[in-house]
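*Asks:* Sharing a structure here in structure tokens format.
The values are calculated or read from the model by the stated rules, or taken from the named source; none is laboratory data. Values in this document were obtained by computation on a predicted structure and should not be read as measured data. Glycine gets a Cβ as well: all are built from the backbone with ideal geometry, and neighbour counts include every protein chain shown.
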Amino acid sequence: MHINEIRHRRNGLHCLDYTVVSLYGEGIGSMDLVSGYKGVVGLVFGNESSGSNEDSYVERLLDRISNGKLAEDRRNAMVELQSIVAESRAAQLAFGAMGFPVLMGVLKEERDDVEMVRGALETLVSALTPIDQGKSQKNEVEPALMNTDLLSREADNISLLLSLLAEDDFYVRYYTLQILTALLTNSPNRLQEAILTIPRGITRLMDMLMDREVIRNEALLLLTYLTREAEEIQKIVVFEGAFEKIFSIIKEEGGSDGGVVVQDCLELLNNLLRNNASNQILLRETMGFDPLLLILKLRGVTYSFTQQKADPGKEANRLTNKTTLVQKKMLDHLLMLGVESQWAPVAVRCSALRCIGDLICGHPRNLEALGSKILGEGLQEAALNSILRIILRTSSTQEFVAADYVFKSFCEKNADGQAMLASTLIPQPYSMTHAPLEEDVNMSFGRMLLQGLTLSESDGDIETCCSAASVLSHILKDNIQCKERVLRIELEAPMPSLGAPEPLMHRMVKYLALASSMKNRDGKSNASGNLYAQPIILKLLVTWLADCPNAVNCFLDSRPHLTYLIELVANESESVCTRGLAAVILGECVIYNTSPEAGKDAFSVVDMISQKIGLASYFLKFDEMQKTYLFASASAAQPRKSLTRSTAASMADIENVDENYLPDGKNDHPILSSIFDSLFVTLVKSLEADIREKIVDVYSHPKSKVAVVPAELEQKSGESEAEYIKRLKAFVEKQCTEIQDLLGRNAILAEDLAKSGGGSNSHSEQRVGGAADRVQVETLRRDLKETTQRLELLMAEKAKVESDASMYQNLASKIESDLKSLSDAYNSLEQANFHLENEVKALRDGGPSTFPDVKAIKAEAREEAQKESEAELNDLLVCLGQEQSKVEKLSARLLELGEDVDKLLEGIGDDVGLPEDSEEEDE
Amino acid sequence: MSYAYLFKYIIIGDTGVGKSCLLLQFTDKRFQPVHDLTIGVEFGARMITIDNKPIKLQIWDTAGQESFRSITRSYYRGAAGALLVYDITRRETFNHLASWLEDARQHANANMSIMLIGNKCDLAHRRAVSTEEGEQFAKEHGLIFMEASAKTAQNVEEAFIKTAATIYKKIQDGVFDVSNESYGIKVGYGGIPGPSGGRDGSSSQAGGCCG
């Protein structure tokens, strides 16, 4: 049958349904109206001849029921209808299309005719019960499902059915309950809503619990369906006294020795208590948990629901529940069941262990109680030791997970407990640690754990070691003292000749390598045993290194560790989680790294990551891991699967999961999902954020090789120019190489960025990667600018020095040219001198011939001049005489005139006065 | 855990009148100024003593919002007592009392004892309904009346205990068939001599036998 046809038919039926309902409102449809369906139904079943036969047959029967006059005939018709509907799918379909209004009419109008009512109900049961057709095709509509849908659509129908529960007739109540159960199975939500809106609906159902056995058992089933995930119904059921009734039924049925009825009771009880704080309070406040424990004391699969009690609810309420439960010696019973009862089925033991975990988790007093619990009568042993023994010995993954959960719960926020366990971790000589595991009940917890950690090496099987590693990681979690303490543990080499003892941590890394090599050797197909070995050890390391610089230091002490991790991250054949966790550890080596040692410091690790993996692809590992189903499911705090009959049965199957497990599949391996619990996932997520930040940080503030101290750029006093320049030059050179280095890094980053940009990887990754790069580029640019400025400064200085130099040079050349002109002048002087000397020489050579002439001339001239001067002297003397006489004459005359001649002539006597005299004389 | 009787109570009334706060004050003796809106119903329990007999009160605090009415109605039938609460500072909560009462009469058993409580009487300055009006309404409808404050705890104990005393009196007077649990009353084994229900507490059958 084709989809279209089905849809067509469905639509047709829906239309019919509405018509039917409206008809139903007016009373029972007459024959004519019923026959009106024929066309439609005929159309639907047109190509199915048998269908069409069934169709008209059902139609005829319905007609007889609704229009028949004889009671007997109508009853017969009902019986026939019931039997055909119970046998044929086609008849079920035909009945669904036409029959409901007719039968509901009978139920409503003919309550007195018990036989008719019974028949109608039985027919309804048949119409709602799927008929198993061997050849049924997948896409074929299941008529029974469709019928439940049609019937449950009207709240009035439900109301009518509920009212039938008050009938006296046993079968009426019985069939009604069956109908309701069928309705609940197929459309639970609609029915839950309907029953909630019907006043006293639930009350009526609850009353059925007090009915005779068959009815009661039906009602139990019905209530179990009804209370599933319907908190308000759960409360009402409890209001109606469900707890008392359930416990009384359990008691009646023989407690935990009882059979399926007790199991149904417990399932209902589980429904009522699970995630329902209000009901938990009520049980605790009114009846107490005694009745539960009573059940628990006796053995059986059935106790398992008690674990739900510690399940989510209000925090305070949960604590109270735990307190009360432990006060009631719940712990003892559970330990008895989980640890000491080796005869109990694995599923029961596991549930008991998980319940112990729930009980102690976050409850100090219960933690203490478990910590100091001693088990056994003759040979006594601490409870925790016994549980550890289970972890180390079990071959059941389920049991391992459950027992591991006890330790996880025990160590969570329990520093004292962790310290107590860690304090017993004292290495023993090699021979001692390899004594057989089983026997010594007095063996300390620590010795047993260390033995577990180291034992398996010899048999080349690391499963036990992984189990122990898991426990160790719980002990170390968030506890720095324990981390430090365990760091100091050194193991002797298997053979003393093989060298010095190695730290426990190094041994763990070795196992990690061993696990991957084993996996590679075995090939992927047979990876089951070691599938979780790597994650467990990786988790241990992640937990250990978190917030513990010493652990990081210890880890990096061995250089190959880093290389190995990088290989692990880059190895495509490893699982996404393995690579992701390895990346987390690498990141921890960066963020918790306090080592100043080159090659071990944070910067070198980042450098190595960036060079060997590339930052973008490194961060991609985180993203990939986050996207895995394990992480996604752990983040959404998953409620534990309810332990119902079916899940309890399937628990055994989990043991086979290993074989079917696909590494990339959606079905999570129980161990893996227990490793990736929400706490660990949160830790990894917060680590990731820190790692991203720190790596950006490391890149933004590269450890500068050149310390820039502005004061040092100044010329030191007493430093000569040359020294100063030399020093500056060296400085600039260093900066140059550093810039070069940074440029190189920048190029790597850019390339990385470009690569990641090209890939189809997540955008967020690119953004973050890009941002990191941008930050770094920005930093580099700033550095570059700074350096450029510094360079410019130096250039200016250099220019100044140069100009000074050239000035001095000019000066020098001027002086030189002066000197040159001087020397030239000197030369020319010398030359002149030489010339003169020559001349003198020449003159001296020709001297004797010329000198007499000169002398003669001289003498001649002198003679001539002598003569001349003598003559002039004479003239002068004459003149003088004349003058003298003139003066005498004049003086006399003056004397006569009464003039004092002497006085008058007083000023005359010198040369100057002479001319005056002469002038006066002239007058 | 032993008790002579167990009474089931419900608290009803408009949203925001302080039903949950009354319950919290009664069970935990504390007041929470800001309380989340109740969804569906919440449960609380406390032991009291009447006539020297230990009596366990199981109290279901219902959501006042209209949308939860169909759910809360399921609790009426099985309750022995009801606290019908209004807010003296909000007139409309008083005006709605009639419809609450009608609901109760329709779905609850006829012998349910109803206590009318005018809550928030500490806010006298904002009073919108007088004490007399409350008294009058209670008298007309045959209810016990009391003004109370969940904040100051005034009359809170009294309200719950007085209701219990009324129910107890009705039992003494033979109004109830205590073997029928649908009245919201259960006989324990702590106070009343009767056939032993066994060490594990009183099962319903044991209670039934006592009647």
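*Asks:* Output the qualifying pairs, or none if there are none: Cβ atoms under 7 angstrom, residues six or more apart or on different chains, first residue in segment A:278-294 and under 20 Å from residue A:232 (Cβ atoms) and more than 7 Å from every other protein chain (Cβ to nearest Cβ), second residue at pLDDT 75 or above and in a loop (DSSP other than H, G, I, E, B).
*Replies:* From segment A:278-294, no pairs qualify.
*Asks:* Across segment B:28-50, what is the number of residues that are more than 12 Å from every other protein chain (Cβ to nearest Cβ), closer than 23 Å to residue A:231 by Cβ and modelled with pLDDT of 85 or more?
*Replies:* Residues flagged as more than 12 Å from every other protein chain (Cβ to nearest Cβ), closer than 23 Å to residue A:231 by Cβ and modelled with pLDDT of 85 or more within segment B:28-50 amount to 2.
*Asks:* Here is a further query. For residue A:217, work out the one condition from (1) crowded, with 17+ Cβ neighbours inside 10 Å; (2) in the same structural domain as residue A:123 (by the TED database) it doesn't fulfil.
*Replies:* Among (1) crowded, with 17+ Cβ neighbours inside 10 Å; (2) in the same structural domain as residue A:123 (by the TED database), residue A:217 violates only (2).
*Asks:* Taking the stated definitions as given, is residue B:14 in contact (Cβ under 8 Å) with a residue 12 or more places away in the chain and more than 14 Å from chain A (Cβ to nearest Cβ)? Break it down into steps so the answer makes sense when it comes.
*Replies:* Values: in contact (Cβ under 8 Å) with a residue 12 or more places away in the chain: yes; more than 14 Å from chain A (Cβ to nearest Cβ): yes.
Yes; evaluated as a whole, the condition is true for this residue.
*Asks:* Restricting attention to segment A:184-222, which residues are within 14 Å of chain B (Cβ to nearest Cβ) and acidic (Asp, Glu)?
*Replies:* A:193, A:207, A:211
*Asks:* Scan segment A:352-411 for residues that are charged (D, E, K, R) and closer than 26 Å to residue A:672 by Cα and jot them down.
*Replies:* Matches in segment A:352-411: A:354, A:358, A:389, A:393, A:399, A:404, A:408.
*Asks:* Also, I was wondering about something else. Step by step: first the residues of segment A:516-555, then only those that are assigned to a helix (DSSP H, G or I) and of a type in the set (Gly, Ala, Ser), then the one that is modelled with the highest pLDDT. Which residue is that?
*Replies:* For segment A:516-555, the residue satisfying everything is A:551.
*Asks:* When you scan segment A:68-85, how many residues do you find that are in a helix (DSSP H, G or I) and surrounded by fewer than 16 Cβ atoms within 10 Å (Cβ to Cβ)?
*Replies:* So the count comes out to 5.
*Asks:* Let me ask something additional. Among (1) surrounded by fewer than 22 Cβ atoms within 10 Å (Cβ to Cβ); (2) modelled with pLDDT under 65, which single condition is residue A:338 missing?
*Replies:* (1)
*Asks:* Could you list, in sequence order, the residues of segment B:64-86 that are more than 14 Å from chain A (Cβ to nearest Cβ) and either of a type in the set (A, V, I, L, M, F, W, C) or in a helix (DSSP H, G or I) (or both)?
*Replies:* Result: B:83, B:84, B:85.
*Asks:* Only one of these conditions is not met by residue A:209: (1) surrounded by fewer than 23 Cβ atoms within 10 Å (Cβ to Cβ); (2) over 21 Å from residue A:100 (Cα atoms); (3) more than 50 Å from the chain's Cα centre (by Cα); (4) not polar (S, T, N, Q). Which number is it?
*Replies:* Result: residue A:209 fails condition (1) only.
*Asks:* Now for a different question. Say whether the condition of being at pLDDT 85 or above and surrounded by 21 or more Cβ atoms within 10 Å (Cβ to Cβ) is met by at least one residue in segment A:249-256.
*Replies:* yes
*Asks:* Looking at (1) modelled with pLDDT of 80 or more; (2) out of contact with any helix residue (DSSP H, G or I) (no Cβ under 6 Å at 6 or more places or on another chain), which is the only condition residue A:498 fails?
*Replies:* (1)
*Asks:* Any residue that is of a type outside the set (Asp, Glu) and within 13 Å of another protein chain (Cβ to nearest Cβ) - is there at least one of those in segment B:87-102?
*Replies:* Within segment B:87-102, not a single residue is of a type outside the set (Asp, Glu) and within 13 Å of another protein chain (Cβ to nearest Cβ).
*Asks:* Residue under question is residue A:94, and the condition is that it be surrounded by fewer than 16 Cβ atoms within 10 Å (Cβ to Cβ), at pLDDT below 90 and among the small types (Gly, Ala, Ser); does it hold?
*Replies:* Here the answer is no, as residue A:94 does not meet what is asked.
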